[in-house]
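Read the figures in this text as sums done on the coordinates, not as results from a lab. Everything numeric in this text was worked out from a predicted model, so none of it was measured. Cβ placement follows ideal geometry from the backbone for every residue including glycine, while neighbour counts extend to all protein chains displayed.
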Amino acid sequence: ALVANAKTPADHMKLARHFNAMAEKHEAEALEHEALAVEYTRNPRMGSSKTPMSPNSAEHCKYFAEHCRKAAKEMRAMAAAHEAMAKEVGK
């Protein structure tokens with residue numbers, strides 16, 4: 001895996017781009033879940049009060065939106081770390 005064997009600035013920049021792309025994916029998923037949470041809050045389904053973490057509930061969507069935001073933040077940190085490594089290796 002490249003993450004274990006990255007040695008050159010190009011290797012680290014490739015990883016940085018990968019982690020930034022993953023962050024964007026997680027951020028898009030967070031936005032999707034946030035929009036669904038709003039919709040489910042406006043129009044709760046009959047069973048959502050009995051099963052609050054069911055896939056068709058606002059609570060479920062809020063949970064996954066937060067999870068995706070945290071994952072995106074971690075991916076951005078990984079990207080920044082590899083950008084720094086690329087600069088350091090390039091010296």
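Taking the beta-carbon count within 10 Å as an exposure proxy, list His67, His26 from fewest neighbours to most.
Working: His67 14, His26 20.
The order, fewest Cβ neighbours first, is His67, His26.
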>> Kirkwood Rh over alpha-carbon pairs of region 7-89, then Stokes-Einstein at 25 °C and 0.890 mPa s: what D in µm² s⁻¹, rounded to an integer?
In response: 174 µm²/s
> If Lys and Arg each add +1 and Asp and Glu each add -1, what is the summed charge of the other residues whose beta carbon sits under 13 Å from the beta carbon of Pro9?
Replying inline: +2
> If you place +1 on the Cβ of every Lys and Arg, -1 on the Cβ of every Asp and Glu, and leave all else neutral, what size is the dipole of the chain about its Cα centre, to the nearest 20 Debye?
Replying inline: 140 debye
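Would you list Tyr63, Tyr40 from fewest to most Cβ contacts within 10 Å? Intermediate results must be reported in sequence, preceding the final value.
Details: Tyr63 15, Tyr40 20.
With the fewest neighbours first, Tyr63, Tyr40 line up as Tyr63, Tyr40.
Most exposed first by the Cβ proxy, i.e. fewest other Cβ within 10 Å, how do Lys14, Lys70, Lys91 rank?
Numbers: Lys14 16, Lys70 12, Lys91 5.
Going from least to most buried by this count: Lys91, Lys70, Lys14.
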> Relative contact order (percent) for region 7-89, with alpha-carbon contacts under 8 angstrom and 6 or more residues of separation?
Replying inline: 51 percent
>> Can you give me the angle between helix 9-42 and the longest principal axis of the chain, using Cα atoms only, in degrees from 0 to 90, rounded to the nearest 10?
In response: 10 degrees
> With labels modelled as points extended 7 Å from the Cα through the Cβ direction, what inter-label distance (nm, one decimal) is found for Met53 paired with Lys25?
Replying inline: 2.4 nm
